[in-house]
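These notes concern the structure reproduced below.
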Amino acid sequence: MTTPIYYVNDVPHIGHAYTTVIADALARWHRLMGEEVMFLTGTDEHGLKVERSAEEAGRTAQQQADLHSERFRAAWDLLDISYDDYIRTTEPRHHVAVQALLTKIKEEGHIYVDTYAGHYCVGCEAYYNDDELGEDLACPIHKRPVEWLEEENWFFRLSAFADQLTEWLSNDTSVVPKGKRSEALGIVKQGLDDVSISRSSLTWGVKVPWDQDQVFYVWYDALINYATAVGYGLDDGRFNTWWPNVHHIVGKDILRFHCVYWPAMLMAAGLTPPQQVAVHGYLLVGGEKMSKTGLTQISPADLVGDFGVDGVRYQFLRGQSFGPDSDFSHEQMVTRYNSDLANSLGNLLSRVTTVVAKKCEGAGPAPRPDSPLAELSAEAVRIASQHWAEPNPPLALEAAINLVRDTNAFLEANEPWKMEPGDDLDAVMGDALETLRIVSVLVCPAIPESAADIWTRIGLPGRPDEATVPADLAWGGYPGGLEVAKGAPLFPRISA
Ligand code: ME8
């Protein structure tokens, strides 16, 4: 499971955090499923953009990379990102892999030398055709004029892979959601030009092993990070145990690189393309894409101060649809937090723990095998599991929160707070405790610490992320007789 590797020309913002939290939740879901997961993130440290930003800041490129790479890592540590490896493209292992993979592609006859001239956007680190540019030759993403670049470069014969790419893209799990797969197919159908993969005007990069005057163009170095991290060029045995079972999570701005160039490079090297590329839309702030070069920067740490780590994670996973662009605002975050976390999940936990303390002497009763909640729970598990796997986190979480709402409605209908021991009190409370147990597992990829807190408060040993799915999601797992603790509100309401 991978995130893009982020450029070290600036600090992490919530657009990066959005992708990283999604990838983290998916990695956690696959671990729950008992799969062996290697979750990779890191930083993209070469190229003109990084070199220039270092110059502007009065640092060497390496100093710039060291500083910002650590800032990304700190942001991910703050957001409870469970990465197994943090790759930096300036590491020796990565230089080895890039040189090995591109040498292999050259040996296969897919790399040649030619002269390149074209309009280049340093912000995107990409060439554009004239018809892709706006007025005054402005980059469509950065809205700033592009530059003219002309030099002798090494080229990758991308044009030779149109048929193989079309075949790969006709498999409906290769790129998801569907609209993004159609977009990738459209790019291939429009016709593919060969691409320049090296630069002679730059020194901050991985050296072309057969031409000491050139470094690889940053994108052809960056993409290979995914292979580096599982041992390409250094440990074939390890590489072969992981490849091609790779799931990339990326934003739509880099669809072309991940759904066309990267699979073609792999094919050219005789390797299998990725199992899946999942492409999401942009978070928009005030209708504008938030980016490091835009004005609307919001740091993840600011939001954590207001909503807590899990509050922020939940918003990224539940508040935005997966695929289309969507608006992001503080107001919307408050509304979502209060309705799903404070008023639904937090409220359910508080009601259950209060009644068990008052009326069951603090010991949680066991659920009924034929509870009216059993079927609702099975349905929620089925829907959530399907959407976690798709991946579509907002729909997975919607199913889990719907089960919470149903359980709250069940309590309101039964009013256990008015019951006396001997009534159906134990049965009702046992049923509600069981849905809390099941919901903790369903939501733990999204809000791991809060889910663990619920788990502990209802007396269960260990943590929900140690559960085995689907076995532990079957109705009836809450054993009864456990000590239930009433604590402080799990998600205190936030005023707008
Ligand atoms: O492109 N909404 O790095 P980058 C949602 N180094 N996601 C956003 C976003 C927004 N407004 N803004 C950024 C690069 N992102 C290359 C990648 S991979 C081999 C090399 C996220 O630092 C989204 O995932 O510009 C996007 O694809 C990524 O940040 C771009 O990060």
Scanning the stretch 225-254 for residues that are open to solvent by 20 Å² or more (accessible area, probe 1.4 Å), farther than 30 Å from Ser321 by Cα and not in a helix (DSSP H, G or I) gives Tyr232, Gly233, Leu234, Asp235
How many of the residues making up the stretch 189-198 are closer than 17 Å to Thr115 by Cα and either assigned to a loop (DSSP other than H, G, I, E, B) or open to solvent by 10 Å² or more (accessible area, probe 1.4 Å) (or both)?
4
Among (1) within 28 Å of the chain's Cα centre (by Cα); (2) modelled with pLDDT under 95; (3) more than 15 Å from the ligand (Cβ to nearest atom), which single condition is Tyr217 missing?
(3)
Scanning the stretch 438-450 for residues that are assigned to a helix (DSSP H, G or I) and crowded, with 24+ Cβ neighbours inside 10 Å, the one farthest from the chain's Cα centre (by Cα) turns out to be Ile438
Identify, please: which residue in the stretch 135-148 is away from the ligand (no atom under 16 Å from the Cβ) and modelled with pLDDT under 90 and is, among those, surrounded by the fewest Cβ atoms within 10 Å (Cβ to Cβ)?
Glu135
Here are some conditions: (1) modelled with pLDDT under 95; (2) within 16 Å of the ligand (Cβ to nearest atom). Ser196 meets all but one. Which one does it not meet?
(2)
Is there any pair linking a residue in the stretch 206-218 that is outside any strand (DSSP E or B) to one that is of a type in the set (Phe, Trp, Tyr) and within 16 Å of the ligand (Cβ to nearest atom), with Cβ under 9 Å and at least six apart or on different chains, and which?
Val206/Phe216; Val206/Tyr220; Val218/Tyr7; Val218/Trp204
The number of residues in the stretch 163-185 that are open to solvent by less than 30 Å² (accessible area, probe 1.4 Å), in a helix (DSSP H, G or I) and among the small types (Gly, Ala, Ser) is 1
Can you tell me which residue within the stretch 255-287, out of those that are assigned to a loop (DSSP other than H, G, I, E, B), under 15 Å from Thr173 (Cα atoms) and open to solvent by less than 30 Å² (accessible area, probe 1.4 Å), is farthest from the ligand (Cβ to nearest atom)?
Pro273
Could you list, in sequence order, all residues of the stretch 480-496 that are part of a loop (DSSP other than H, G, I, E, B) and surrounded by fewer than 16 Cβ atoms within 10 Å (Cβ to Cβ)?
Gly480, Gly481, Ala485, Lys486, Gly487, Ala488, Pro489, Pro492, Arg493, Ser495, Ala496
Need the failing condition index for Ala222 against (1) within 24 Å of Val50 (Cα to Cα); (2) open to solvent by 20 Å² or more (accessible area, probe 1.4 Å), just the number.
(2)
Within the stretch 299-315, can one find any residue that is within 22 Å of Phe155 (Cβ to Cβ), out of contact with any strand residue (DSSP E or B) (no Cβ under 6 Å at 6 or more places or on another chain), crowded, with 22+ Cβ neighbours inside 10 Å and of a type in the set (Ser, Thr, Tyr)?
no
Do any residues in the stretch 288-310 that are closer than 12 Å to Leu79 by Cα and away from the ligand (no atom under 16 Å from the Cβ) have Cβ atoms under 8 Å from those of residues that are modelled with pLDDT of 90 or more and hydroxyl-bearing (Ser, Thr, Tyr), where the two are at least six apart or on different chains, and which pairs are they?
Phe307/Tyr337; Asp310/Ser450
If you go through Asp370, Asp406, Asp426, Asp431, the only one that is at pLDDT 95 or above, buried (at least 24 other Cβ atoms within 10 Å of the Cβ) and among the acidic types (Asp, Glu) is Asp431
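The values are calculated or read from the model by the stated rules, or taken from the named source; none is laboratory data. Everything numeric in this text was worked out from a predicted model, so none of it was measured. Cβ sites come from the backbone with ideal geometry, for glycine too, and all protein chains shown count toward neighbours. Ligands, DNA and RNA are stripped out before the accessible areas are found, and what is left, the full protein with its side chains, is counted by its heavy atoms. Shrake-Rupley method; radii C 1.70, N 1.55, O 1.52, S 1.80 Å.
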